[in-house]
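Data first, discussion second: the structure below is written as structure tokens.
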Amino acid sequence: MPLWHRVYLVLRGRIEAGRYEPDGRLPSEHEIVAEFGVARVTARRALAELEAEGWIERAPGRGTRLRPRSGVREVHATLEGLFENLLAMGLETRVRLLACEERPAPPAIARAAGLPAGTPMLYALRVRSSEAGPFSHLETWVPAEIGARIGREALATTPLLVLLERAGVRVARAEQTVSARLAEPQVAPLLEVPVGAPLLEITRLVFDETGRMVEHITGLYRPDRYRLRMALDRARADGTRTWVPRRGPEPVPDPSTVGPPEEAVP
């Protein structure tokens, strides 16, 4: 990753985290050079990228300042709902179905499904967007015999878990991991981020009542447009007090104003 892009990511992360006051001053090129130990051309390139994306404005005599934030809503979700609760939250989102076909399962996917590597499975690639633009890149693998019972056109409008249940699959449990990944060249343009930009990665394996894996889905999310929240309660476990996830529905937080100015949003 180019050095200027690393500086850009750090500064953008600070903006997103509210480290600077609205319409407040950002570090100058000289201050960035001193803090990050980079050349002035590197600092200038990082600030130029922020300006091009609409995060900041620079003017002679005024320095570098944040541009006013727009009213674009950020997508919030609880950790439990993740993909499916977007509809329940009443958010206006749309889906582009970019691929839906049988493909040989990669070794890791086949291994998780208990199948030989290369076994045909239904593969679907979707990109979900809000009014701010694309925020999630979803890759899904489903056993071929189940995929044959799913209406493929419905993948653009209906959560896959609902389609699985309509197809007669008795979903029993799921395993979910949360990590991070850098945007690869194939993903970056779909989410409208630079190659190498940090993304939230969430992988979920869904199993039926027999223990068979019926869905493997990996979601890559823009952290400036999507956040997860988990409510925790203080409780006793194994004789000690610890944090445990709260059960039951969680109130949907009020939409917040985040992101670059409205005219800069795709």
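The values are calculated or read from the model by the stated rules, or taken from the named source; none is laboratory data. Bear in mind the structure is a predicted one, so any value in this text is a computation, not a measurement. Cβ placement follows ideal geometry from the backbone for every residue including glycine, while neighbour counts extend to all protein chains displayed.
Filtering segment 175-208 to residues that are of a type in the set (Gly, Ala, Ser) and free of Cβ contacts under 8 Å to residues at least 60 places away in the same chain leaves Ser179, Ala180, Ala183, Ala188. Which members of segment 170-215 meet the condition of being on the phi > 0 side of the Ramachandran plot and not small (Gly, Ala, Ser)? Result: Glu192, single match. Does Ile56 meet the test of being at pLDDT 85 or above, in contact with a strand residue (DSSP E or B) (Cβ under 7 Å, 6 or more places away or on another chain), assigned by TED's automatic domain parsing to the domain that holds Arg14 and surrounded by 14 or more Cβ atoms within 10 Å (Cβ to Cβ)? Criteria met by Ile56. Scanning segment 45-63 for residues that are in contact (Cβ under 8 Å) with a residue 12 or more places away in the chain and more than 29 Å from the chain's Cα centre (by Cα) yields a total of 1.
Looking only at residues in segment 98-139 that are within 26 Å of Ala188 (Cβ to Cβ) and touching a helix residue (DSSP H, G or I) at 6+ places or on another chain (Cβ under 6 Å), the one that is surrounded by the fewest Cβ atoms within 10 Å (Cβ to Cβ) is Cys100.
Residues are listed down the side, and each one gets a yes or a no for (1) crowded, with 18+ Cβ neighbours inside 10 Å; (2) at pLDDT below 90; (3) in contact with a Lys or Arg (Cβ under 6 Å, 6 or more places away or on another chain); (4) assigned to a helix (DSSP H, G or I):
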position: Met1; (1), (2), (3), (4): no, yes, no, no
position: Arg6; (1), (2), (3), (4): no, yes, no, yes
position: Ile15; (1), (2), (3), (4): yes, yes, no, yes
position: Arg19; (1), (2), (3), (4): no, yes, no, no
position: Pro22; (1), (2), (3), (4): no, yes, no, no
position: Ala34; (1), (2), (3), (4): no, no, no, yes
position: Thr42; (1), (2), (3), (4): yes, no, no, yes
position: Leu47; (1), (2), (3), (4): yes, no, no, yes
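Pick from segment 129-179 the residues that are among the charged types (D, E, K, R) and under 19 Å from the mean Cα position of the chain (by Cα): which of them is nearest to Ala113 (Cα to Cα)? Checked segment 129-179; the qualifying residue nearest to Ala113 (Cα to Cα) is Glu175. Being assigned by TED's automatic domain parsing to the domain that holds Val95 and surrounded by fewer than 18 Cβ atoms within 10 Å (Cβ to Cβ) is a property that holds for Arg181.
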